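Worksheet for the structure shown next.
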Amino acid sequence: MIKEKLGAKGVGFVFPQPDALKTSEEPVKEKKPPREIKFDLKPKEVKAFLDRFVIQQDEAKKVLAIAVCDHYHHVASCLGKEGCGNYAKQNVLLMGPTGVGKTYLIRTIATLIGVPFIKADATKFSETGYVGGDVEDLIRDLVHKADGDITLAQYGIIYLDEVDKIAAPSNLMGRDVSGQGVQRGLLKLMEETEIALKSSSDLTSQIQAVMEFQAKGKIERKTINTRHVLFIMSGAFDGLTEIVKKRMQMRSIGFLEPLQAMDQHVQMQRHGTTQDFIKFGFDPEFVARLPVRVVLNDLWEEDLYKILKTSEDSVVKQYVGDFKAYGIDVVFSDESLWAIAKKAALEKTGARGLFTICEKALRDYKYELPSTGVRRFVVTPALIENPIEELQRMLQDPAYIDQEFMTLQIQSFEKEFENKFQVKIHFIEDACAWMKEVLSKEGTTVEEWCREKLKNYEYGLVLIRQNSGKEIFEITKEVLENPQAALDGWIRDSYFGR
């Protein structure tokens, strides 16, 4: 359903004719009637789209889905016959540590909607007139991202990270040009205001203005209105926890376990009030313009595993593509994904830790293997733990790679059998070794060989389960050597309660 609405380029926004282009000397005389914006997604549809890419963070996905749908439905109303009416823009504040998906959520939403998206770091800005970036440059960057289309840019999304770093210190003496000054600048943008597309302090813009005046005898001043730009800001807000805890008169006794401590950190932030943010160092007016606030959870080992396993933008797919470019097929075993997730959790950088671990493990493989005859290999837990040793083993013993592939195929057959018949089979070590030896000589695949050998087991094991309740069956070398006799014996024993 979502895919049908998205089409090839998003939801299908149809924007009005430009009315934001203004001239200081000649006002726009003719305005073409605005076209309709076709935005008909529902919050559940937006969340369903986010679920394909972002693991966990259900509360954040729900909040963002509602805020985005409300905002762009309002935009459509303003450009239609209904008019704008009274509406408070739902700018969003996201709180959470690095790597939990804050930026990724917003980028994915912008892709879904089909509007330009700008990400910036709040720490690079200073109050206008001082050294540092001007917050108005955010709007200009939005126009640039929209390829100069002002009418598209004025419905875009600006995402500002590290916003907690512009909190004004309470003990500051003198003017705070990178704290309160930046807050005041952002406050102006979050309100409805006209921003000149050419900065008066930009040398290039000044030269262009002089050349335009010489050519036309006047300077056309193009502006963009910020009324419909959605602002989403984020930060870790570590110091907020203590402020909330003090207000709630809560104290930690002794040393908490890491899980308990991190859970408490999230819970404290969720209880944050406007007054807590003011004490943290934000201007009351600034906080009031961020009415939608949500805290993102930390990612644990299981969450990181799910990101690797199920996310449509998993780093695993990137590595598969990287090796594919050299004509090398790489397969990640399920056990290796757990090994990567476990190591990444120790990095304490969220999903970013997954790339760190993969890069450490596979860096030498990318360098060495393209220049060898190796055309496939399996990423195993042993490779993640000891990448150099495993690489040398592969290069010295090419047959080892085939052995690893067959191990993966055996495990895959076990899972497929269980999923299809709700009966679990397990090839024990001696069976696996004998099977690999036979397959190396025959040149057939594990799946084809097992299906032929165990062709009657699909129904026979289900019958045994019905008779005895047994659900796990070990496949030994003896079973594989005479599978039908082994199955007949198991069925006979099940009838006699053995």
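The values are calculated or read from the model by the stated rules, or taken from the named source; none is laboratory data. Everything numeric here is computed off the predicted structure, so don't read it as measured data. Quick reminder, even Gly has a Cβ in these numbers, built from the backbone with ideal geometry, and neighbours come from all protein chains shown.
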Restricting region 154-212 to residues that are of a type in the set (V, I, T) and at pLDDT 80 or above, the one nearest to T111 (Cα to Cα) turns out to be I157
How many residues of region 275-334 are surrounded by fewer than 19 Cβ atoms within 10 Å (Cβ to Cβ), of a type in the set (G, A, S) and over 24 Å from the mean Cα position of the chain (by Cα)? The answer is 3
Flagged in region 421-459 as under 13 Å from K477 (Cβ atoms) and in contact with a strand residue (DSSP E or B) (Cβ under 8 Å, 6 or more places away or on another chain), in numbering order, are F427, I428, A431, M435
When you look at Q466, is it loosely packed, with under 12 Cβ neighbours inside 10 Å and in the same structural domain as A339 (by TED's automatic domain parsing), yes or no? yes
When (1) buried (at least 18 other Cβ atoms within 10 Å of the Cβ); (2) among the basic types (K, R); (3) under 21 Å from the mean Cα position of the chain (by Cα) are applied to R352, the one that fails is (1)
| said: So, F277, is that one more than 23 Å from V54 (Cα to Cα), touching a helix residue (DSSP H, G or I) at 6+ places or on another chain (Cβ under 7 Å), in a helix (DSSP H, G or I) and touching a residue at least 40 places away in the same chain (Cβ under 8 Å) or not? | reply: no
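Has region 221-244 got at least one residue that is part of a helix (DSSP H, G or I), modelled with pLDDT of 65 or more and surrounded by fewer than 16 Cβ atoms within 10 Å (Cβ to Cβ)?
Pass one, region 221-244, residues part of a helix (DSSP H, G or I): 240-244.
Now narrow it down to the ones that are modelled with pLDDT of 65 or more: 240-244.
Cutting the leftovers down to surrounded by fewer than 16 Cβ atoms within 10 Å (Cβ to Cβ) gives us 242.
Within region 221-244 (the criterion being part of a helix (DSSP H, G or I), modelled with pLDDT of 65 or more and surrounded by fewer than 16 Cβ atoms within 10 Å (Cβ to Cβ)), the answer is yes, since at least one residue qualifies.
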Given the criteria within 39 Å of the chain's Cα centre (by Cα) and buried (at least 19 other Cβ atoms within 10 Å of the Cβ), does V479 qualify? no
inquiry  = Taking the criterion of being at pLDDT 90 or above, out of contact with any helix residue (DSSP H, G or I) (no Cβ under 9 Å at 6 or more places or on another chain) and farther than 22 Å from A88 by Cβ, would at least one residue in region 321-335 satisfy it?
reply    = yes
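Hey, could you check region 403-449 for residues that are touching a Lys or Arg at 6+ places or on another chain (Cβ under 7 Å) and touching a residue at least 12 places away in the same chain (Cβ under 8 Å) and say which is farthest from T380 (Cα to Cα)?
Looking at the filtered set, the residue picked out is V423.
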